[in-house]
C-alpha cells in the first residue's frame with residue numbers, strides 16, 4: 001500500500017492535520033450586529049437575572065413611571081408561558097412574548113424576528129427581558145446598547161464571583177428587593193466589592209419596587225441613556 | 001449550558017468549511033476559554049449523543065482544551081492571569097481588557113489517513 005502513487009505525499013501512518021480557527025456561535029454575533037444597525041434610534045436594554053429577582057415587576061414599575069415621557073416596548077423571554085407579557089400589558093406597556101420553547105436563553109435571531117411585530121418608529125426604549133438565568137444569556141449578544149443585571153438581596157451577595165461573565169458584560173447591576181436587607185445575610189458593600197473585582201466599571205444601584213427606593217435614580221439612568229442614543233444618532 | 005447547540009454548531013461549521021471532506025475527519029479539537037461557560041464533560045456528553053444518532057460521524061473524536069483567563073494591565077503594560085475571578089493585576093489595578101478567555105473555536109481538525 002505504501003507504493004500506492006496516490007499516497008506519495010502522505011507517508012503511511014501519518015495524519016493530515018489542519019490547525020485552524022473556526023469560531024463557534026458566530027452566527028449570533030452576526031445577527032446581533034444587524035439588530036444594532038436597525039435600531040439606531042432606539043435605546044435597547046437587555047435585562048438579565050436569575051428567575052424571581054424582580055425583572056417583570058421592575059418593568060411594570062418602570063412603565064408606570066416613564067410611560068408618559070417615553071414610548072417603551074418590551075420583548076419578554078420565557079421558556080413556556082406568556083404570563084409576563086400579560087402582566088406588562090396590564091400596566092399599558094407594549095409587550096411581546098418570546099416563548100423560547102424550553103431554551104435557557106434568548107438568541108439574537110429571536111429578537112430579529114420579533115422586531116417585525118413592534119412599531120419601531122414609535123419606540124424610544126426597548127427592553128429585552130431575558131430568560132431568568134445568570135449563565136447562558138451572558139454569552140449571547142442581542143444587539144443591545146446596555147446590559148443590566150438584577151441581583152435580589154434574597155439570592156446572596158456571593159453571586160458576582162459565581163457568575164462572572166454575566167457581571168463582566170453588564171454596565172449596571174441593580175440590587176433588587178432592598179426592602180428585605182434587614183432580614184437577609186446580604187450587604188450591598190460586599191456585593192459591590194465582588195462585582196467590581198469582576199468588572200471595575202460596573203455601576204451599582206440599590207432598588208426596591210416595594211418601597212420605591214432607587215427607582216427615581218433608575219428612571220433617570222434610563223432617560224439619560226435614551227437621550228444619549230438619540231443625540232448620537234442625530235449627529 | 002446549551003452544550004447541544006454548541007455541538008450542532010460544531011458540525012454545521014465543519015460542513016460549511018470542509019464540505020464533503022467532513023466525512024474523513026477523525027478527530028477535532030475545540031478550544032474554549034474559561035469565560036465561555038463551556039464545561040468539557042458536558043460538551044463531550046452532548047457530542048457523544050449527537051454522533052450516536054449520526055452515522056457518518058460515529059467514529060469522530062473530540063478533545064476540548066480549556067484556556068485560562070488572561071487580562072491586560074494598562075498600568076504595567078503586561079498581561080496577567082485572572083485567578084478566582086479576580087480581574088485585578090498584582091499591582092492593584094483592575095482591568096476588564098480580556099486578552100484570552102472568551103474564545104470558543106475549533107482549533108484543530110485531524111483527517112483519517114488517506115490510502
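Points to keep in mind about this one:
- Whole-angstrom Cα spans of the stretch A:28-234 along principal axes, big to small: 45, 36, 34
- Here the extension length gained between residue A:216 and residue A:17 equals 65.7 nm, from 0.36 nm per residue of separation less the Cα-Cα distance.
- Nearest 10 degrees, 0 to 90: helix A:55-66 Cα axis against chain A principal axis: 50 degrees
- Value of [θ]222 nm, deg cm²/dmol, for the protein assembly as shown, DSSP H segments ≥ 4, -39500 (n - 2.57) each, nearest 500: -9500 deg cm²/dmol
- Across chain B, the fraction of Cα-Cα pairs farther apart than 23 Å, rounded to a whole number, is 41%.
- Taking every C-alpha pair closer than 8 Å and separated by at least 6 residues, the mean separation divided by the residue count of chain A gives a relative contact order of 23 percent.
- Label-reachable residues, the stretch B:1-31, where backbone N falls under 13 Å from a point 7 Å from residue A:27's Cα toward its Cβ: B:5-17
- Of the residues A:18, A:119, A:158, the one with the fewest other Cβ atoms within 10 Å heads the list, and the complete ranking is A:119, A:158, A:18.
- Efficiency of FRET between residue A:37 and residue B:93 - r from beta-carbon atoms, R0 45 angstrom, step 0.05: 0.80
- For the protein assembly as shown, the fraction of C-alpha pairs farther apart than 34 angstrom is 35 percent.
- 0 to 90° range, to nearest 10: angle between helix A:188-198 axis and chain A longest Cα axis: 30 degrees
- R0 of 35 Å, Cβ-Cβ distance residue A:117-residue A:234: FRET efficiency to nearest 0.05: 0.85
- Rounded tilt (10° steps) of A:215-234 against the dominant C-alpha axis of chain A: 60 degrees
FYI, it's all coordinate maths here, none of it is from the lab. In this text the structure is predicted, and so the values were computed from the model without any measurement. No Cβ is skipped: glycine too gets one built from the backbone with ideal geometry, and neighbour counts run over all protein chains shown.
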